[in-house]
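Reading through the structure tokens given below for one structure.
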Amino acid sequence: MITLENVSKSYAKGQPAVNDVTLHVDKGEFVFIVGDSGSGKSTMIKLLLKELDPTSGTITVNGQVLNKMRHRKIAKYRRGVGVVFQDFRLLKDRNVYENVAFAQRVIERPNRVIKKRVPEVLTLVGLAEKYKSKPNQLSGGEQQRVALARALVNRPAILLADEPTGNLDPKNSFEIMRLLEEINERGTTVLVVTHNREIVNSFRKRVISMKKGVIVSDEQEGGYVEN
Amino acid sequence: MITLENVSKSYAKGQPAVNDVTLHVDKGEFVFIVGDSGSGKSTMIKLLLKELDPTSGTITVNGQVLNKMRHRKIAKYRRGVGVVFQDFRLLKDRNVYENVAFAQRVIERPNRVIKKRVPEVLTLVGLAEKYKSKPNQLSGGEQQRVALARALVNRPAILLADEPTGNLDPKNSFEIMRLLEEINERGTTVLVVTHNREIVNSFRKRVISMKKGVIVSDEQEGGYVEN
Amino acid sequence: MLRISTIGYTIKQGFKNIWTNKMFSLASIATMGACIFLFGLIFSVFVNFQYIVRTAEEGVAITVFFTDDADQARIDEIGNEIRGRSEVTQCNFVSAEDAWNSFKEDYFEGDASVAEGFQNDNPLANSANYEVFVDKVESQGELVSYIESLEGVRKVNQSEAATKTLSTVNRLIAYVSVVIIGILLIVAVFLISNTVSMGIAIRKEEIGIMKLIGATDFFVRSPFLIEGVIIGLIGSAIPLGALYFMYNKVIQYVLEKFHMLNSLIQFLPVKQVFESLLPIGLVLGMGIGLVGSVITIHKHLRV
Amino acid sequence: MLRISTIGYTIKQGFKNIWTNKMFSLASIATMGACIFLFGLIFSVFVNFQYIVRTAEEGVAITVFFTDDADQARIDEIGNEIRGRSEVTQCNFVSAEDAWNSFKEDYFEGDASVAEGFQNDNPLANSANYEVFVDKVESQGELVSYIESLEGVRKVNQSEAATKTLSTVNRLIAYVSVVIIGILLIVAVFLISNTVSMGIAIRKEEIGIMKLIGATDFFVRSPFLIEGVIIGLIGSAIPLGALYFMYNKVIQYVLEKFHMLNSLIQFLPVKQVFESLLPIGLVLGMGIGLVGSVITIHKHLRV
Ligand SMILES: Nc1ncnc2c1ncn2[C@@H]1O[C@H](COP(=O)(O)OP(=O)(O)OP(=O)(O)O)[C@@H](O)[C@H]1O
Ligand SMILES: Nc1ncnc2c1ncn2[C@@H]1O[C@H](COP(=O)(O)OP(=O)(O)OP(=O)(O)O)[C@@H](O)[C@H]1O
Ligand SMILES: [Mg+2]
Ligand SMILES: [Mg+2]
């Protein structure tokens, strides 16, 4: 499903943020990515979404080589990938409903479907009542859950979640993580970047650990790796 | 030092975000504030900074009643309070150094002092090398540490930190928390909002727990309270 | 290829953009409005100037003199023939006495003593004539040939110098108006492009987010296009309306302030000016809005 | 009260704001530039028009006629006395023959046959005169009284109609120019205020953050003021410079295109126009920048 071959990404001269990473994730896998602050986890997520292009190496997702993808195809590719951004990236001037609906509009779902699907997903993340609020009228955790709802609403084949529980209390975090597990069980490939040691340790999934842009360990049914 | 008497804050009609809260924090205390997503923790921080005014009740900080404070006095009051915002609120068009220096410029520190003090604080949070980067060239955790450095640089009498380790790995989180403890030991009153159960449980400080805008428990040397 | 719901969404989003960024939209509309207002103002002024010059041109008469053997009957006949021409608006007989009197008025400025010497001896005895006015200066040449071919006509004077001067002034005014309007248009496109740029700058983040979620260029762009067109239309409709209602007031004011102009010049009626100004203004506004946003979108939306 | 380092920071920040928001600053400068350019253009055109009208006014001569008993010696004396006056720029003697010849030219347009009747009998025998030109139209009245008081002077003609027409045209042009420039200024302040608003809108978040960190209103505002002034200065200096270099080219072009104007009108030298346009333009630009930002800051920065 996802293959990285000798992928490096340098923002400027000096130490690359992602350094010669080779990695394969199968369809339907659930992977935790852990690592220090600044070790290149978010950069990897951005590479997979083709928000950034690698300085060297090849990224293949679903048989498509991202490096060579034509400009016209990028939008279509991204529609198959659900992303929770570390900084949420909600549309500030639209309310919760419109933020989530936007992902559906982009794939030209008819209004009828949108009207049914969006409230469903908002209920799933516990925000059904807040559908009319603008992002700046939400608490940090609520914004994070809107971002998650938007990533889920299209039932994407791949879900990339960058720190999806950083602003959530432990109970909420566990619930959200169980939701991701459930989605994964229905066939979605899930990559979760997290700092939450408790969660990583209790879910016993594949854990990829990064340090200074390099993968330092990759364990099936692993725990949180302390560097 | 900090006294709240029957403080309520409603953003709109319906359930208030902070509901009839009465609370006293002594000078030099270290307090954790915990609670579900949306329980009113950030709202309380915003009230203490006079970013928001309460709908009813009185807030007194350092002998000054915030509700009655004149517009001209607000800036001066805020200079005595260091804040780490949940969403960082860094100045996007300035680099790390300028972001931290800004807090010093505001209190009209001479350039000579700024040039010495800012690198010191950046070293303290582990960002000495990144001083030239703009916020959007930093990882989530790095941005969070810049926000912390900015809150600390003026050695404020009160430190309010809203989820200061939400984007940090466990090791970094513990280090930062130990830094806050140290600052507290030097006399600063510290209020930390956090979801990190491990940290709350291991530091054994006063823990105030909120639920739906109400304080549901307040323990000295407490642990993380599950609702 | 496009779903109806998508088109609906796009149009709705265009309007919503305008509403959400009220202040910014207002600024754009105001910029546009200011440009179109100035355009309309200068357009009106110059259309009127042209009209005034035209009217003045028409006031330039052809003078027809007669041979010595033409008697009054023949002269009357010639008058009728001239009046029969469709391009002739007026044909006045000026007797030799009239000519002499008017000459005395003009030249001696009522200084009777000088003129007295000629009292019984009209020096312009030979100068009875017709003053002929035509509807268009262009018709003058043909008419002159025709009149010259009539029997009993000694000479036809067309005051070439005056005509030339007027048509030069006319050309000069046309040039100046074209230059000023041209500059204004460039300024307008420039300002609008800047305004749209800023609008996009304000929403750069939002646009980036949309693209990351999988929105196509077209999907992101089209609301901006529609926004540009709407702003262009509103921004031209308002100043045109304002001009429409100000027009008569201003003319009235000018005529009051400068009585002596009353007899000299005549202004175009507002209806006639707006017959061309309204469609030109609206199309211009819409065009500027569209061009402004197309250029800017193309420049800035390559995310 | 203010530390020097704070003042330094403020000014530096003003320049930095401009640099950081390059695109936005450019837009502001361009907006300002467009306004000042149009202002300068219209200013130049109307200053020249005024000048041309002035020149034309001066071309209107006073005509001095003599009594029958004034012989050539007395006439020469009168001429010397007139030439002695400081306001007189020219004083030409026109003999009766000259007057008659010029009259024939003017009136009969070279049609010799009509004039022949008078051959040996100049009908204007009495009309030898001086054509006197003055430096300022205002001096005319006084001069006329003086000349009338001279012995041997029968009559002084000043062509009142022509003078009146010209001064009316002059007033009309002044009015139109004041109105257009006034509208332009309002438009300029408006556009600049909008541009500053947008600038503040773009940085609204940043400003909010600054305030939460404890920055005073003054600390937040002053860089914007300085920014406004700098943008105003740059935005007026550039178009004024452009106008300065275009001025002569345009005049040359106009004179080439319209040969006949060459003799008729004379343009003001660029130096003389810019003596007033430059300071007015710069102060205007700075003022608009300052006023625009003060108004907007006051409106939007009450965080
Ligand atoms: N746009 C950029 N320009 C320059 N450097 C960047 C940029 N984005 C990130 N970096 C640097 O690249 C490194 C990796 O960043 P990245 O965001 O991938 O870290 P991360 O693993 O997500 O960290 P965190 O857990 O704190 O979010 C960091 O040192 C960061 O400063
Ligand atoms: N500006 C606002 N307008 C309206 N409602 C708001 C606004 N800000 C916050 N709220 C609501 O008030 C409640 C409390 O918000 P607050 O940000 O204080 O929660 P919190 O305890 O900080 O949550 P979290 O842990 O998720 O950050 C939430 O339900 C939120 O939706
Ligand atoms: Mg990250
Ligand atoms: Mg919060």
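Each reported figure results from applying straightforward, stated rules to the coordinates on display, with no laboratory input. Since we're looking at a predicted model, the values are computed, not measured. Virtual Cβ from ideal backbone geometry, glycine too; neighbours counted across all protein chains shown.
Can you tell me which of (1) assigned to a strand (DSSP E or B); (2) closer than 29 Å to B:V113 by Cβ is the one B:I215 doesn't meet?
That leaves (2) as the condition not met.
Considering only the stretch B:62-81, state which residues are at the interface with chain D (Cβ under 9 Å from one of its Cβ atoms) and assigned to a strand (DSSP E or B). Talk me through it step by step, then tell me what you get.
Taking the stretch B:62-81 as the starting set, the residues that turn out to be at the interface with chain D (Cβ under 9 Å from one of its Cβ atoms) are B:71-72, B:74-81.
Within the stretch B:62-81, B:V81 is the sole residue that qualifies.
Conditions: (1) closer than 19 Å to C:Y9 by Cα; (2) away from ligand 2 (no atom under 16 Å from the Cβ); (3) facing another protein chain (nearest Cβ under 9 Å). A:Q104 meets all but one. Number of the miss?
Evaluating A:Q104 over (1) closer than 19 Å to C:Y9 by Cα; (2) away from ligand 2 (no atom under 16 Å from the Cβ); (3) facing another protein chain (nearest Cβ under 9 Å) leaves (3) as the failure.
Checking the conditions here, which among A:G80, A:G28 is surrounded by fewer than 18 Cβ atoms within 10 Å (Cβ to Cβ), under 14 Å from the mean Cα position of the chain (by Cα) and away from ligand 2 (no atom under 16 Å from the Cβ)? Show your work before the answer.
Working: A:G28 fails: under 14 Å from the mean Cα position of the chain (by Cα).
Checking each option against the conditions leaves just A:G80.
Within the stretch B:18-61, which residues are part of a loop (DSSP other than H, G, I, E, B) and within 23 Å of B:G82 (Cβ to Cβ)?
Pass one, the stretch B:18-61, residues part of a loop (DSSP other than H, G, I, E, B): B:26-29, B:36-40, B:49-55.
If the condition is that a residue be part of a loop (DSSP other than H, G, I, E, B) and within 23 Å of B:G82 (Cβ to Cβ), then B:D26, B:K27, B:G28, B:E29, B:G40, B:L49, B:K50, B:E51, B:L52, B:D53, B:P54 are the ones that fit.
Output the number of the condition that A:V31 fails; it satisfies all remaining conditions of (1) near ligand 1 (Cβ under 9 Å from one of its atoms); (2) in contact (Cβ under 8 Å) with a residue 40 or more places away in the chain.
It fails just one condition, (1).
Could you look through the stretch B:177-204, keep only residues that are part of a loop (DSSP other than H, G, I, E, B) and under 16 Å from the mean Cα position of the chain (by Cα), and pick out the one that is farthest from ligand 3 (Cβ to nearest atom)?
Filtering the stretch B:177-204 down to residues part of a loop (DSSP other than H, G, I, E, B) leaves B:186-188, B:194-196, B:204.
Keeping just the survivors that are under 16 Å from the mean Cα position of the chain (by Cα) gives B:187-188, B:194-196.
Working: B:G187: 34, B:T188: 29, B:T194: 19, B:H195: 17, B:N196: 17 Å.
Looking at residues that are part of a loop (DSSP other than H, G, I, E, B) and under 16 Å from the mean Cα position of the chain (by Cα), I get B:G187.
Consider the stretch A:123-148. How many of its residues are assigned to a helix (DSSP H, G or I), surrounded by fewer than 24 Cβ atoms within 10 Å (Cβ to Cβ) and either more than 16 Å from ligand 4 (Cβ to nearest atom) or hydroxyl-bearing (S, T, Y) (or both)?
Looking only at that region, the number is 4.
Among the residues of the stretch B:3-10, is any within 17 Å of the chain's Cα centre (by Cα) and of a type in the set (S, T, Y)? Show your work before the answer.
Applying the first criterion (within 17 Å of the chain's Cα centre (by Cα)) to the stretch B:3-10 yields B:3-4.
Restricting the remaining residues to those that are of a type in the set (S, T, Y) gives B:3.
Yes, the stretch B:3-10 has at least one match.
Is it the case that the stretch A:84-96 has a residue that's part of a helix (DSSP H, G or I) and buried (at least 19 other Cβ atoms within 10 Å of the Cβ)? It would help to see each step written out before you state the result.
Keep residues of the stretch A:84-96 that are part of a helix (DSSP H, G or I), which gives A:96.
Filter once more, so that each one left must be buried (at least 19 other Cβ atoms within 10 Å of the Cβ): A:96.
Looking through the stretch A:84-96, at least one residue is part of a helix (DSSP H, G or I) and buried (at least 19 other Cβ atoms within 10 Å of the Cβ).
Report every pair of residues separated by at least 6 positions or lying on different chains whose Cβ atoms are under 6 Å apart, first residue within the stretch B:155-176 and under 11 Å from B:G82 (Cα atoms) and away from ligand 3 (no atom under 16 Å from the Cβ), second polar (S, T, N, Q) and assigned to a strand (DSSP E or B).
Short answer, once both residue conditions are applied: B:I158/B:T189.
Mind listing just one residue for me: the one in the stretch A:193-207 that is touching a helix residue (DSSP H, G or I) at 6+ places or on another chain (Cβ under 9 Å) and of a type in the set (V, I, T) and, of those, farthest from the other protein chains (Cβ to nearest Cβ)? Can you show your working first?
Looking only at the stretch A:193-207, we keep the residues that are touching a helix residue (DSSP H, G or I) at 6+ places or on another chain (Cβ under 9 Å), and these are A:193-199, A:202-203, A:205, A:207.
Remaining after also requiring of a type in the set (V, I, T): A:193-194, A:199, A:207.
Numbers: A:V193: 9, A:T194: 10, A:I199: 11, A:V207: 13 Å.
This residue is A:V207.
Give me the pairs, please: first residue somewhere in the stretch A:128-146 and more than 10 Å from chain B (Cβ to nearest Cβ), second residue anywhere and surrounded by 15 or more Cβ atoms within 10 Å (Cβ to Cβ) and among the aromatic types (F, W, Y), beta-carbon distance under 6 Å, and either six or more positions apart or on two chains.
Qualifying pairs under 6 Å: A:Y131/A:Y97.
Restricting to the stretch A:147-172, what's the tally of residues that are within 16 Å of ligand 1 (Cβ to nearest atom) and away from chain B (no Cβ under 12 Å)?
3
Would you check if there is a residue in the stretch A:11-20 being aliphatic (A, V, I, L, M) and surrounded by 23 or more Cβ atoms within 10 Å (Cβ to Cβ)? Spell out how you get there, then give the answer.
At the first step, the residues of the stretch A:11-20 found to be aliphatic (A, V, I, L, M) are A:12, A:17-18.
Narrowing further to those that are surrounded by 23 or more Cβ atoms within 10 Å (Cβ to Cβ): A:17-18.
Yes, there is a match, as at least one residue in the stretch A:11-20 is aliphatic (A, V, I, L, M) and surrounded by 23 or more Cβ atoms within 10 Å (Cβ to Cβ).
Just one of (1) more than 16 Å from ligand 1 (Cβ to nearest atom); (2) more than 19 Å from A:M1 (Cβ to Cβ); (3) in contact (Cβ under 8 Å) with a residue 40 or more places away in the chain; (4) not in a helix (DSSP H, G or I) trips up A:E221, so point out which.
(3)
In the stretch A:35-54, how many are surrounded by 19 or more Cβ atoms within 10 Å (Cβ to Cβ) and within 9 Å of ligand 1 (Cβ to nearest atom)? Even if it seems obvious, please write down each step before you answer.
Narrowing the stretch A:35-54 to residues surrounded by 19 or more Cβ atoms within 10 Å (Cβ to Cβ): A:35-50, A:54.
Restricting the remaining residues to those that are within 9 Å of ligand 1 (Cβ to nearest atom) gives A:35-46.
Number of matching residues: 12.
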